[in-house]
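Here the structure is laid out as structure tokens; the discussion comes afterwards.
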Amino acid sequence: MMESCAILGHSPNHFYCGWNEESQICNRIKQMITDNIISLINDGVTEFNVVGDPGIGLWSAEILTDFQKTNSNIEINIMEPYKRHTSSWPKMLKERYESLFNKCQNVFCCSGYRTKTALLKAYFDIIEESDMVLVVYESESEYVDIVDSAICFAERLGSSIILIHTSTFEIEKINI
């Protein structure tokens with residue numbers, strides 16, 4: 001039985017909605033994340049591991065804290081890529097992120113300082129700690145990036161993977 005899930009994904013600048021969280025597309029992406037989290041909880045997943053990034057990690061943690069209000073069995077763990085990684089974030093995003101600290105069970109830090117590979121290492125760490133992976137993925141992107149590398153890493157580990165394709169809103173399941 002799957003008990004833990006890593007959640008990660010592309011930065012919103014990869015999505016058609018960009019950073020506009022009020023857009024119909026962004027709301028649909030968030031609803032798909034919510035629907036998949038509900039399904040995972042119903043299937044017995046109680047531990048969720050996210051990276052503290054200003055997109056999918058933040059959105060997923062916020063969604064999960066809402067579920068914690070009615071289900072105290074849900075454990076949320078945040079992996080920070082490096083210390084003070086939010087220092088360049090806009091004030092509003094920083095405040096949203098910091099408000100999660102009291103609601104999460106654990107906040108870990110992957111590296112003491114910023115490196116080119118800190119975010120990728122954080123993704124790898126949460127994937128290794130999880131039974132499965134939920135990825136919000138812009139499959140139409142012409143670039144290969146760290147999310148693609150994280151998916152390949154999860155596949156090599158034999159992890160069960162759920163991909164939410166943001167350009168088509170289709171769900172793809174790998175190793176499930």
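Some observations on this one:
- Shown in residue order for region 111-118 are the 3J(HN,Hα) couplings computed by the Karplus curve 6.51 cos²θ - 1.76 cosθ + 1.60 at θ = phi - 60°: 9, x, 8, 6, 9, 5, 9, 4 Hz (x for Gly and Pro).
- Approximating the spin labels as points 7 Å out from Cα along Cα→Cβ, the SER72-to-PHE101 distance works out to 2.5 nm.
- Relative contact order (%) - criterion: Cα under 8 Å, at least six apart; region: the chain: 26 percent
- Sequentially through region 159-176, phi angles give Karplus couplings (6.51, -1.76, 1.60; θ = phi - 60°) of 5, 6, 10, 10, 9, 9, 7, 6, 7, 10, 6, 9, 9, 10, 10, 10, 6, 10 Hz, Gly and Pro residues having no value and appearing as x.
- CD proxy at 222 nm, helix term only [per DSSP H run n ≥ 4: -39500 (n - 2.57); per residue of the chain; nearest 500]: -11500 deg cm²/dmol
- The amide H of VAL136, built 1.01 Å from its N in the peptide plane, has LEU8, GLY9, HIS10, ILE164 as neighbours under 5 Å, considering only residues 5 or more places off or on other chains.
- Label point distance in nm, MET92-LYS173, each placed 7 Å from Cα along Cα→Cβ: 3.7 nm
- Hz values of 3J(HN,Hα) by residue in region 75-85 - Karplus curve (6.51, -1.76, 1.60), Gly and Pro given as x: 10, 10, 10, 10, 9, 7, x, 6, 4, 6, 5
- Cα-based Rg / Dmax (Å) for the chain: 14.9, 41
Coordinate-derived values only; no laboratory data. Source: prediction; values computed, not measured. With ideal geometry, Cβ positions are generated from the backbone for all residues, glycine too; neighbour counts draw on all protein chains shown.
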